[in-house]
Structure formats: structure tokens, C-alpha cells
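J.: Handing you a structure now.
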Amino acid sequence: MVKNALMLIATLLATAYTGSAGAQSCASPATIPLVANMHQVSGTTCAPSVNQLGTLCGAFNSPENDVIYRVNKDSLTATTIALTTPDAGWNPAFLWLSGSCGGGVACAEVGDNAGAGGTETMTIPAPLGIYYLVVTSSPGSGGCGAYTIDAPRIPVTLKSFNID
Ligand SMILES: [Ca+2]
């Protein structure tokens, strides 16, 4: 029984790794896993170091790196999500895109109020559907950093990926 449980955990970890191993782009976004009844994910925009979106919200130049998550919001309960960073010198930002993913897509919501090392929060729109969450640096601030996203009540449907 214990062995089976360990194998299941190993399989889940392998699946999670596969989902996030490639560049976390619009074409191959990562997902936010469910951990102990919280949707939480930690990552970094430093590795892989990829500038996925050169423009944000169709308006801001973004030479900084980006990491992209796909969220299937299938409940009305989610309200606020937060991004924290342990990197005091990094000024993070995150964006909530509705329906489609790209630098020209209008941002439904943006979290970019805090300065370097600060915690960003945003209230996400109520409508159900597919969204994309982009983690990046505050436009023009440069750098990259590590982060944790806490999304307490966003149901996320795990999705399998094909890495080309
Ligand atoms: Ca960028």
C-alpha cells in the first residue's frame, strides 16, 4: 500500500514536472496545482529565462521574462489572488488575461501596485471560463525573480501538455 502510494506520488510529480519543464508560454502554459486545498505554485522568471510577451495588455513594452499559467475558472468563489517574492530587489507584476493569451490581449486585471520585494494582489473577475495568468516584472523595471502565487479558491482543471 505504501509502495503504491509512493508510486502514485512519483507519477504525479513526473506529470507536474512535464507540465512545467518547457517554456511556460501561451502555446504551452503551466497550471497551478492544488496543494492541501489551496491553489499555490512557486516558480521563477529567471529560469527558463524567456521573454514570452514583448508587450503586455497591448500597451506596455515588456523586455522582461514572463511565465504563463492557464486557469480554468469553474467556480464563482475565487476573489483575490496574491503573488509574493523572496527577492527584495525584484519588482514583480502579474496579469489576468481573459479568454486568449498574447501580448496584445487586453488585461482584465493587473497586480502591479507594490514596489521591489512587495506582495502583489489582484481581485479577479467573476465570470467563469479560461484565463491566462502572466507572471513578469513590472514593465521597465528589469530583472527577474522567484515568486509564489496563492489562489485560495480557484478551481483549476489540470491539463496535459504536448511539448513540441
Ligand atoms: Ca516580457
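The values are calculated or read from the model by the stated rules, or taken from the named source; none is laboratory data. Just so you know, these numbers come straight off a predicted model, no measurement behind them. With ideal geometry, Cβ positions are generated from the backbone for all residues, glycine too; neighbour counts draw on all protein chains shown.
J.: Could you check residue 93 against (1) part of a loop (DSSP other than H, G, I, E, B); (2) at pLDDT 95 or above and say which number it fails?
T.: The single condition residue 93 does not satisfy is (1).
J.: Another question about this same structure. Have a look at 50, 105 and point out the one that is surrounded by fewer than 22 Cβ atoms within 10 Å (Cβ to Cβ), of a type in the set (A, V, I, L, M) and in contact with a Leu (Cβ under 6 Å, 6 or more places away or on another chain).
T.: After ruling out the rest, the residue left standing is 105.
J.: Among the residues that make up the range 78-85, is at least one of them within 27 Å of residue 142 (Cβ to Cβ), modelled with pLDDT of 95 or more, more than 14 Å from the ligand (Cβ to nearest atom) and assigned to a loop (DSSP other than H, G, I, E, B)?
T.: Checked the range 78-85: at least one residue is within 27 Å of residue 142 (Cβ to Cβ), modelled with pLDDT of 95 or more, more than 14 Å from the ligand (Cβ to nearest atom) and assigned to a loop (DSSP other than H, G, I, E, B).
J.: Just give me the residues in the range 123-156 being surrounded by fewer than 14 Cβ atoms within 10 Å (Cβ to Cβ) and modelled with pLDDT of 95 or more, in sequence order.
T.: Listed by number, the list holds a single entry, 142.
J.: Can you name every residue in the range 91-102 that is more than 14 Å from the ligand (Cβ to nearest atom) and surrounded by 15 or more Cβ atoms within 10 Å (Cβ to Cβ)?
T.: 96, 98 - these are the residues of the range 91-102 that are more than 14 Å from the ligand (Cβ to nearest atom) and surrounded by 15 or more Cβ atoms within 10 Å (Cβ to Cβ).
J.: Hey, another quick one. Can you find a residue that is more than 14 Å from the chain's Cα centre (by Cα) and under 17 Å from residue 25 (Cα atoms) anywhere in the range 81-99?
T.: Among the residues of the range 81-99, at least one is more than 14 Å from the chain's Cα centre (by Cα) and under 17 Å from residue 25 (Cα atoms), which makes the answer yes.
J.: To continue, here is another question. Of the residues 105, 71, 110, which is in a strand (DSSP E or B) and within 15 Å of the ligand (Cβ to nearest atom)?
T.: 110
J.: Still on this structure, please answer the following. Starting from the range 42-54, keep only residues that are within 13 Å of the ligand (Cβ to nearest atom), then list their pairs with residues that are of a type in the set (Asp, Glu) whose Cβ atoms are within a distance under 8 Å, requiring at least 6 positions of separation or different chains.
T.: Filtered contacts from the range 42-54: 45/64; 45/66; 50/66; 51/64; 51/66; 52/66; 53/66.
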